[in-house]
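Undergrad: Sharing a structure with you now.
Just so it is clear, none of the values below were taken in a lab; they were calculated from the coordinates. Please read these numbers as outputs of a predicted model, since none were measured by experiment. When we count neighbours, we look across all protein chains shown, and the Cβ atoms used for this are built from the backbone with ideal geometry, even at glycine.
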Amino acid sequence: MKDIRINIVDKTYQADGRSHKAIAGLDLTIQRNEFVCLVGPSGCGKTSLLNIVAGLDQQFQGQIQLGDTQNAAHIGYVFQEPRLLPWYTVRRNIELVCSGQPPAALIDALLVDMQLDAVQQQYPERLSLGMQRRVAIIRAFAINPVLLLMDEPFVSLDAPTARQIRTLLYSLWRQRPHTVLFVTHDLREAISLADRLIFLSAAPMQVVADIPVNLSRDEREQPAQIEAFRHHLLDNFPAIAALL
């Protein structure tokens with residue numbers, strides 16, 4: 001699969017009788033199987049950007065090139081809320097997104113990797129929020145997407161639960177690499193996951209900095225290493241601090 005190219009010349013929306021420019025001159029290239037975190041202030045348009053890439057919002061000027069395909073059906077999306085259907089079991093919620101015969105072996109493996117195989121016949125209301133978030137991640141991986149979009153999937157979780165799921169996600173991604181575009185406002189979270197950090201300005205959104213994260217897997221599991229890299233960023237890129 002070729003690289004993914006995101007070029008948004010202009011995204012303007014109407015609210016309260018006025019025009020609001022959300023994105024202007026945004027140009028990004030995401031390499032195959034790269035894990036990229038988008039970091040920016042609340043309300044800067046990160047969710048709007050993901051919706052455009054997903055094909056949910058087509059009212060913009062520009063172009064989205066999804067490698068070898070232009071089919072948005074090949075995109076997995078993990079929203080801020082799990083969005084599970086309460087009348088279906090965990091497994092059935094995952095199977096629903098699969099076209100044709102659900103890939104049973106893949107779903108089995110994903111359930112094991114995310115430590116949910118024991119609850120696959122439970123209904124969502126019986127699960128904690130953290131477990132529901134893990135189901136949503138499995139559902140996105142189950143379609144073997146060309147691009148996986150993740151919009152602050154660990155928001156509102158307590159710190160230990162969020163850390164546990166981040167570790168599971170990172171392990172899952174290392175075993176089954178996919179191109180990932182992950183939105184967060186948490187710099188430590190971004191450092192622990194990303195190959196690259198893309199820092200975005202307030203509206204109209206533009207790229208402020210594009211920085212690689214050169215940490216090993218072991219280093220990503222050490223809070224002191226994460227904190228050292230965070231201080232390195234803040235000391236060497238002063239414009240970043242204003243975005244956090």
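Undergrad: Select from GLU81, GLU152, GLU219 the residue whose mean-square fluctuation is largest in a Gaussian network model of the chain (Cα-Cα springs shorter than 10 Å).
TA: GLU219
Undergrad: If R₀ is 22 angstrom, what is the calculated FRET efficiency for the pair ASP186 and TRP87, using the beta carbon separation as r and rounding to 0.05?
TA: Computed FRET efficiency for ASP186 and TRP87: 0.10.
Undergrad: Sort 197-207, 162-172 by packing, meaning the average of other beta carbons within 10 Å per residue, with the highest value first.
TA: Put in order of decreasing packing, that is 197-207, 162-172.
Undergrad: Turning to a different aspect of this structure: Kindly work out what percent of the DSSP beta bridges joining two residues of the chain are antiparallel, to the nearest 5.
TA: Just about 55 percent of them are antiparallel.
Undergrad: A further question follows. Could you tell me the distance between the Cα centroids of region 161-175 and region 192-244, to the nearest Å?
TA: 19 Å
Undergrad: Still on this structure, please answer the following. Would you kindly state how much longer the chain becomes between LEU96 and ALA241 on full extension, computed as 0.36 nm times their sequence separation minus their alpha carbon distance, in nm to one decimal?
TA: 48.0 nm
Undergrad: What ³J(HN,Hα) values, in whole Hz, does the Karplus curve 6.51 cos²θ - 1.76 cosθ + 1.60 give for region 82-89 when θ = phi - 60°, with x put for Gly and Pro?
TA: 3J(HN,Hα) across region 82-89, in whole Hz: x, 6, 8, 7, x, 8, 10, 5.
Undergrad: What FRET efficiency comes out for the pair ARG230/ALA118, r = Cβ-Cβ distance, R0 = 25 Å, nearest 0.05?
TA: In this case the efficiency is close to 0.10.
Undergrad: In addition: Starting from the 7 Å offset along Cα-to-Cβ, what nm value, one decimal, do you get for the label separation of ASN144 and VAL9?
TA: Calculated label separation equals 3.7 nm.
Undergrad: Along its three principal axes, how long is region 1-86 when you only count alpha carbons? Whole Å, largest extent first please.
TA: Computed over the Cα atoms, the extents are 42, 39, 24 Å.
Undergrad: Something else now. On a 0 to 90° scale, report how tilted helix 223-236 is relative to the longest principal axis of the chain, with both axes built from alpha carbons and the result rounded to the nearest 10.
TA: Helix 223-236 and the main axis of the chain meet at about 20 degrees.
Undergrad: On to the next question. How big is D for the chain, in µm² s⁻¹ as a whole number, if Stokes-Einstein is applied with the Kirkwood radius of its Cα pairs at 25 °C and 0.890 mPa s?
TA: Translational diffusion coefficient: 131 µm²/s.
Undergrad: So what's the angle, to the nearest 10 degrees on a 0 to 90 scale, between helix 159-175 and the longest Cα principal axis of the chain?
TA: 80 degrees
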